[in-house]
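Heads up, the thing below is written out as structure tokens.
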There are 2 protein chains.
Amino acid sequence: MLCLAACELVGGHESTAMSFACALEMIHASSIILDDLPCMDDDSLRRGKPTNHKVFGEDSAVLASVALIGLAVKQTSSSPDVPPERVLRAVQVMMRAVGTEGLVAGQAEDLAGEGMSFEENEAALEHLEFIHIHKTASLLEAAAVVGAIMGGGSDEEIERLGKYARCVGLMFQVVDDVLDVTKSSEELGKTAGKDVMAGKLTYPKVMGVEKSREYAERLNREAREHLRGFDSDKAAPLLFLADYIVNRQN
Amino acid sequence: MLCLAACELVGGHESTAMSFACALEMIHASSIILDDLPCMDDDSLRRGKPTNHKVFGEDSAVLASVALIGLAVKQTSSSPDVPPERVLRAVQVMMRAVGTEGLVAGQAEDLAGEGMSFEENEAALEHLEFIHIHKTASLLEAAAVVGAIMGGGSDEEIERLGKYARCVGLMFQVVDDVLDVTKSSEELGKTAGKDVMAGKLTYPKVMGVEKSREYAERLNREAREHLRGFDSDKAAPLLFLADYIVNRQN
């Protein structure tokens with residue numbers, strides 16, 4: 001949705017970004033399967049259902065995760081009427097969000113930090129931000145950037161949409177952390193209080209629930225700032241998305 | 001090496017395929033890390049050294065494997081002086097070899113077949129060929145095809161090089177199976193006799209050691225056939241590679 005809205009915002013037709021919107025969903029699904037593995041977060045519930053490895057076994061889960069990355073790139077070949085240099089650039093951006101500049105970097109830092117204790121809140125916050133910028137924000141950033149590339153946006157437009165999405169991604173995670181300590185598993189559709197039990201660093205732990213909420217609001221304002229000057233009708237879905245994320249209850 | 005030689009065979013300079021040659025090595029390394037995981041082949045020795053998860057842990061091994069796929073695609077962006085449609089096509093081919101049409105399909109079939117018993121040799125052979133065409137041959141095929149694409153080969157040249165590499169890939173696996181039952185761990189640099197212990201289907205098991213050797217020879221002749229008509233000087237490295245693989249002792 002972010003990908004398609006970014007494409008439309010820069011004047012493209014959403015159909016030209018559709019293949020990448022699907023591809024990014026595959027990348028996201030791939031990352032979630034890995035995240036839940038016994039050797040990672042060891043989670044048994046996701047979106048209210050048993051996780052992939054619980055149903056299909058660990059081997060199939062790992063293979064499904066890798067297969068989805070391959071399928072994501074395959075998906076992007078069905079992008080007719082778009083110059084190949086644009087498609088190639090978009091593929092590169094999408095795959096950068098997977099590797100050492102994105103999801104993998106975030107997950108590695110996340111695992112490395114388990115059980116680690118930080119004497120200063122500043123160091124803890126830096127660690128947290130690194131994780132979420134890479135683990136969550138990078139994929140949303142890629143979605144917006146890829147949509148803007150496919151839509152034929154200028155470099156400045158592409159950059160601003162990327163910054164907007166980065167704020168939204170980080171905000172998503174701040175809100176997620178707050179929900180984890182304030183809601184039940186039933187309300188969330190996934191195991192609640194898990195971060196606390198695993199001794200994980202979260203925004204509420206570092207800055208308290210109230211300050212975390214304020215931080216989310218600040219990120220929302222910043223995200224909106226990056227969309228200034230764009231056509232307001234076309235920007236509406238992206239502004240709505242940011243509001244929706246900051247106000248979500250599960 | 002296959003990638004570069006294919007590039008030169010169709011008249012390109014090997015430097016234009018260098019980024020993809022490196023990318024394919026990353027994809028290969030990625031697949032090997034996954035293959036060796038406890039939930040897959042559970043191997044502790046590879047190329048005479050402890051496997052990735054033995055040294056760095058299972059979580060880091062899985063992340064490294066995924067990171068390498070991302071890095072492989074990133075790598076291909078440094079392909080100057082090649083039209084973007086060619087680079088894009090090559091990226092698509094490379095990534096197809098990773099997913100459900102390649103490595104993942106082969107590994108999934110491999111795992112599904114463990115402990116399975118085949119009443120007829122024909123069914124067993126079909127299962128074996130499926131595994132190795134996807135697990136091994138598909139990556140070699142991709143290397144040759146990608147090299148030929150980057151070198152500016154015609155569709156016919158690209159197709160013939162792909163078929164050559166497919167034969168070589170299959171042959172590699174037949175020879176590998178033969179070595180597994182005829183050599184020691186020390187000679188191989190990896191755990192010998194492992195396939196037999198794991199109850200895995202192998203070529204020697206289905207057709208005997210002697211017939212397996214003959215099959216490898218036949219694949220070698222077929223591979224050479226696909227290179228007919230190409231410049232014989234430029235084809236020499238590829239003919240040498242096929243001979244080397246069929247005659248290797250570890």
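The values are calculated or read from the model by the stated rules, or taken from the named source; none is laboratory data. Remember, it's a predicted structure, so these values are computed and weren't measured experimentally. Counting neighbours? That spans all protein chains shown, and the Cβs are built from the backbone with ideal geometry, glycine included. Ligands, DNA and RNA are excluded from the accessible area calculation, which covers all protein heavy atoms including side chains. Shrake-Rupley method; radii C 1.70, N 1.55, O 1.52, S 1.80 Å.
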Item to complete: Inspect all residues belonging to the stretch B:82-94 and state whether any of them is touching a residue at least 60 places away in the same chain (Cβ under 8 Å), under 18 Å from the mean Cα position of the chain (by Cα) and open to solvent by less than 10 Å² (accessible area, probe 1.4 Å).
Response: yes
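Quickly run through the stretch A:38-61 and pick out the residues that are touching a His at 6+ places or on another chain (Cβ under 8 Å) and within 21 Å of residue B:27 (Cβ to Cβ).
Step one: filter the stretch A:38-61 for residues touching a His at 6+ places or on another chain (Cβ under 8 Å), giving A:38, A:60-61.
Those that are touching a His at 6+ places or on another chain (Cβ under 8 Å) and within 21 Å of residue B:27 (Cβ to Cβ): A:60, A:61.
Which of the residues that make up the stretch A:231-250 are surrounded by fewer than 18 Cβ atoms within 10 Å (Cβ to Cβ) and over 18 Å from the mean Cα position of the chain (by Cα)? Explain how you work it out, then say what you get.
Applying the first criterion (surrounded by fewer than 18 Cβ atoms within 10 Å (Cβ to Cβ)) to the stretch A:231-250 yields A:231-234, A:236-237, A:239-240, A:243-244, A:247-250.
Of everything in the stretch A:231-250, those that are surrounded by fewer than 18 Cβ atoms within 10 Å (Cβ to Cβ) and over 18 Å from the mean Cα position of the chain (by Cα) turn out to be A:231, A:232, A:233, A:234, A:236.
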Discussion item. It is to be established whether one or more residues within the stretch B:103-114 are of a type outside the set (D, E, K, R), part of a helix (DSSP H, G or I), more than 13 Å from every other protein chain (Cβ to nearest Cβ) and open to solvent by less than 40 Å² (accessible area, probe 1.4 Å).
Written reply: no
Practice prompt. Take the stretch A:17-66 and flag every residue that is surrounded by fewer than 22 Cβ atoms within 10 Å (Cβ to Cβ) and of a type in the set (Val, Ile, Thr).
Written response: A:32, A:55
Worksheet item: Out of (1) open to solvent by less than 50 Å² (accessible area, probe 1.4 Å); (2) facing chain A (nearest Cβ under 10 Å), the odd one out for residue B:77 is which?
Response: (1)
Worksheet item: Can residue A:144 be described as within 22 Å of residue A:24 (Cβ to Cβ), within 14 Å of chain B (Cβ to nearest Cβ) and either touching a residue at least 24 places away in the same chain (Cβ under 8 Å) or surrounded by 16 or more Cβ atoms within 10 Å (Cβ to Cβ) (or both)?
Response: no
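What residue, of A:79, A:19, is in contact (Cβ under 8 Å) with a residue 40 or more places away in the chain, outside any helix (DSSP H, G or I), more than 24 Å from residue B:31 (Cβ to Cβ) and polar (S, T, N, Q)?
Details: A:19 fails: outside any helix (DSSP H, G or I).
Within the list A:79, A:19, the selection yields A:79.
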Worksheet item: What are the pairs, 6+ residues apart or on separate chains, where a residue within the stretch B:28-50 that is away from every other protein chain (no Cβ under 11 Å) and touching a residue at least 12 places away in the same chain (Cβ under 8 Å) has its Cβ under 7 Å from a residue that is open to solvent by 30 Å² or more (accessible area, probe 1.4 Å) and assigned to a helix (DSSP H, G or I)?
Response: B:29/B:68; B:36/B:52; B:44/B:54
Worksheet item: Among A:199, A:169, which is the only one that is at positive phi and open to solvent by less than 50 Å² (accessible area, probe 1.4 Å)?
Response: A:199
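If a residue has to be of a type in the set (A, V, I, L, M) and at positive phi to count, how many in the stretch B:202-236 make the cut?
Restricting attention to the stretch B:202-236, the residues satisfying the condition of being of a type in the set (A, V, I, L, M) are B:206-207, B:209, B:216, B:219, B:223, B:227, B:235-236.
Those left that are additionally at positive phi: none.
Result for the stretch B:202-236: 0.
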